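Down below is the structure, laid out as structure tokens.
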């Protein structure tokens, strides 16, 4: 039986097929005290990995459907997922820095 939409079944090994497999996880998750320039650089590098990933669509759907709050998933940032889902959030919650 298939799950609705691109969300994977629990026994699906989509994460094993990800282009990020073997990459440094720090590329996909923000460290403490990251400044804007560092964040932009890290996110651009992570999205470059995702750009050629065979499971990018499934990965993004997983993050959106499970409400993943942290990291780059399927080539999207936390802020991008919140915006695409139409969630209303405060500046602080969105991680916007002045």
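A few points about this structure:
- Extension gain, residue 68-residue 84: 0.36 nm per intervening residue step, less the Cα-Cα distance, totals 4.4 nm.
- Paired Rg and Dmax values of the stretch 14-88, which use every Cα atom, in angstrom: 11.9, 34
- Segment residue 45-residue 26, length gained on full extension (0.36 nm per residue, minus Cα span): 5.7 nm
- Cβ crowding within 10 Å averaged over residues, with 71-79, 29-37, 51-59 ranked highest first: 71-79, 51-59, 29-37
Every read-out reported here was derived from the displayed coordinates using simple, explicitly stated rules and does not represent laboratory data. None of the values given here were measured: they were computed from a predicted structure. Neighbour counts run over all protein chains shown; Cβ positions are idealised from the backbone, glycine included.
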